[in-house]
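All remarks here apply to the structure that follows.
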Amino acid sequence: MSSATQDYRLSGDLLGPVLAILDAVIDPYLGRGLVSAGCVTQLAMTGKTLQLTLVYPYPCKSQYAATVAQLTPGLLGLEGVEAVECHPSFQAGNFRTATSGTALDKVKHVIAVASGKGGVGKSTTAVNLALALAAEGARVGILDADIYGPSIPLMLGIPDFKPMSPDGKHIAAAEVHGIAAQSLGFLISAEDATVWRGPMAAGALTQLLNETQWPELDYLVVDMPPGTGDIQLTLSQKVPLSGAVIVTTPQDIALADAKKGIVMFQKVNVPVLGIVENMSFHVCSECGHREHPFGADGGRKIAERYRVPLLGALPLQLQIREAMDKGAPCVVAQPESEVTQIYSDIARKVGAALAVSQPKANISISVTDEE
Ligand SMILES: Nc1ncnc2c1ncn2[C@@H]1O[C@H](COP(=O)(O)OP(=O)(O)OP(=O)(O)O)[C@@H](O)[C@H]1O
């Protein structure tokens with residue numbers, strides 16, 4: 001799971017109990033203790049202070065304080081330990097299926113956000129997922145591949161951005177809300193794109209993906225065109241995807257199309273990281289009554305049937321649409337809101353799913369007995 005080297009410089013008496021305490025702290029997203037998950041990379045004593053370095057394989061900055069609070073009391077109960085200094089950080093493992101020397105060489109994971117049916121909130125999910133991954137400490141980019149309705153320029157509040165070409169070969173990405181963004185919408189009008197047939201559209205998108213000057217990225221989120229036709233299939237085959245997230249609403253018709261999406265990715269051997277059920281429920285702003293305008297539990301049922309996780313369920317909420325229309329998505333505009341918490345949880349699940357789906361690295365452990 002982790003490719004990090006572990007450097008444990010503790011006395012024999014202390015090392016065992018310290019590791020036992022740390023491994024009893026189960027990471028909720030990796031489903032394992034911190035030691036067996038490979039997160040504990042360095043241990044040392046400086047005087048009576050235990051120095052502890054944690055490197056997570058998925059971004060979870062918002063969880064650091066709670067984890068430190070959870071592990072500290074046990075460690076302080078050990079003889080000789082009077083203080084604990086914990087240094088948590090994140091490092092995405094290398095997936096890098098892209099051939100070296102290509103533009104994607106600087107990108108560790110490409111994540112497709114797809115839907116079988118249009119209008120279910122795929123772009124809204126892609127944008128908020130990208131921003132939530134960034135808020136959790138990752139370097140993130142987003143590619144708007146929704147060729148027939150590129151909405152990401154508007155959703156990110158940069159509808160008039162015109163990308164430059166610094167070397168006449170590559171196109172610069174926009175930098176907005178702490179992420180890098182590229183969209184065909186920056187380059188051509190939606191009307192021009194609607195006349196493109198499948199192969200031409202897929203060609204234009206892969207070209208845009210490969211010719212963008214992406215900075216070093218842990219995750220590149222690709223907002224796929226809706227549906228499961230030729231363009232989507234070609235993109236899924238041509239783009240080195242680490243995994244796919246399927247967005248659906250709980251309606252039968254959307255679910256039927258979401259199934260097609262799952263099957264398409266499974267056919268081309270792209271792991272389906274999970275399902276996001278959007279517009280899952282509505283809470284009445286007057287009386288607080290919770291209802292399910294598009295039906296209940298549809299996302300959970302297909303998740304169970306295809307044995308993929310249900311990553312989260314978002315409400316149908318006026319504020320979500322208003323925030324997107326204003327170009328200030330809720331993850332950045334309302335970081336403390338309940339909806340942002342849901343997107344952050346989805347982001348951590350996606351990051352953790354990618355971390356565990358990678359081939360296990362050889363972990364080298366060096367233990368130095370300090371006594
Ligand atoms: N949970 C939600 N609550 C309220 N409005 C939402 C929600 N999710 C998305 N919307 C709104 O629904 C509309 C469609 O969303 P979005 O563009 O994300 O869907 P899409 O699946 O990407 O559509 P397309 O098929 O056109 O690409 C937008 O106006 C968006 O703001």
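The values are calculated or read from the model by the stated rules, or taken from the named source; none is laboratory data. This one's a predicted model, so the numbers in the text were calculated from it and none came from an experiment. Here the Cβ positions follow ideal geometry from the backbone for every residue, glycine too, while neighbour counts run over all protein chains shown.
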**Request:** Name the single residue, out of those in region 119-149 being closer than 20 Å to residue 171 by Cβ and acidic (Asp, Glu), that is farthest from the ligand (Cβ to nearest atom).
**Result:** 144
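In this structure, does residue 268 turn out to be of a type outside the set (Gly, Ala, Ser) and within 15 Å of the ligand (Cβ to nearest atom)? Outline the logic, then answer.
Numbers: of a type outside the set (Gly, Ala, Ser): yes; within 15 Å of the ligand (Cβ to nearest atom): no.
Considered against the rule, which asks whether it is of a type outside the set (Gly, Ala, Ser) and within 15 Å of the ligand (Cβ to nearest atom), residue 268 comes out as no.
Residue by residue, here is whether (1) in a helix (DSSP H, G or I); (2) within 22 Å of residue 309 (Cα to Cα); (3) not assigned by TED's automatic domain parsing to the domain that holds residue 312 holds:
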residue	(1), (2), (3)
220	no, yes, no
226	no, yes, no
237	yes, no, no
246	no, yes, no
253	yes, yes, no
257	yes, yes, no
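Here is a check on your reading of the model: is residue 63 farther than 30 Å from residue 210 by Cα and free of Cβ contacts under 8 Å to residues at least 60 places away in the same chain? Steps first, answer last, please.
Numbers: farther than 30 Å from residue 210 by Cα: yes; free of Cβ contacts under 8 Å to residues at least 60 places away in the same chain: no.
In short, no.
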**Item:** Filter result (β-branched (Val, Ile, Thr) and within 19 Å of residue 311 (Cβ to Cβ)) within region 105-151
**Value:** 110, 111, 113, 120, 124, 125, 127, 140, 142
**Message:** Suppose the filter is over 20 Å from the mean Cα position of the chain (by Cα), at pLDDT 95 or above and assigned by TED's automatic domain parsing to the domain that holds residue 219; does residue 327 pass it?
**Reply:** yes
**Request:** Scan region 314-353 for residues that are more than 8 Å from the ligand (Cβ to nearest atom), free of Cβ contacts under 8 Å to residues at least 40 places away in the same chain and not in a helix (DSSP H, G or I) and jot them down.
**Result:** 334, 336, 337
**Item:** Conditions (1) within 13 Å of the ligand (Cβ to nearest atom); (2) within 18 Å of residue 125 (Cβ to Cβ); number of the one not met by residue 283
**Value:** (2)
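Do the conditions hold for residue 207, that is, is it without any contact (Cβ under 8 Å) to a residue 60 or more places away in the chain and assigned to a strand (DSSP E or B)? Talk me through it step by step, then tell me what you get.
Working: without any contact (Cβ under 8 Å) to a residue 60 or more places away in the chain: yes; assigned to a strand (DSSP E or B): no.
Here the answer is no, as residue 207 does not meet what is asked.
Yes or no: residue 263 surrounded by fewer than 21 Cβ atoms within 10 Å (Cβ to Cβ), in the same structural domain as residue 122 (by TED's automatic domain parsing) and closer than 25 Å to residue 321 by Cα?
Numbers: surrounded by fewer than 21 Cβ atoms within 10 Å (Cβ to Cβ): yes; in the same structural domain as residue 122 (by TED's automatic domain parsing): yes; closer than 25 Å to residue 321 by Cα: no.
So residue 263 fails the test.
For a quick check of your reading: which helices (runs of 4 or more DSSP H) sit entirely within region 61-171 and have at least 1 residues that are of a type outside the set (D, E, K, R), surrounded by 21 or more Cβ atoms within 10 Å (Cβ to Cβ) and outside the structural domain of residue 40 (by TED's automatic domain parsing)? Walk me through it before giving the result.
Details: elements: 64-76, 122-135, 152-155.
Once the helices (runs of 4 or more DSSP H) in region 61-171 are filtered for at least 1 residues that are of a type outside the set (D, E, K, R), surrounded by 21 or more Cβ atoms within 10 Å (Cβ to Cβ) and outside the structural domain of residue 40 (by TED's automatic domain parsing), what remains is 122-135, 152-155.
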**Asked** Of all residues in region 8-31, which are part of a strand (DSSP E or B), crowded, with 16+ Cβ neighbours inside 10 Å and either acidic (Asp, Glu) or at pLDDT 95 or above (or both)?
**Response** 27
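Mind telling me which of the residues 303, 296, 258 ends up being buried (at least 20 other Cβ atoms within 10 Å of the Cβ) and within 16 Å of the ligand (Cβ to nearest atom)? Walk me through it before giving the result.
On the way: 303 fails: within 16 Å of the ligand (Cβ to nearest atom); 296 fails: buried (at least 20 other Cβ atoms within 10 Å of the Cβ).
That would be 258, the only listed residue that is buried (at least 20 other Cβ atoms within 10 Å of the Cβ) and within 16 Å of the ligand (Cβ to nearest atom).
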**Prompt:** Name the residues in region 276-292 that are part of a strand (DSSP E or B) and either in contact with a Gly (Cβ under 6 Å, 6 or more places away or on another chain) or in contact (Cβ under 8 Å) with a residue 12 or more places away in the chain (or both), would you?
**Reply:** 276, 277, 278, 279, 280, 281, 282, 283
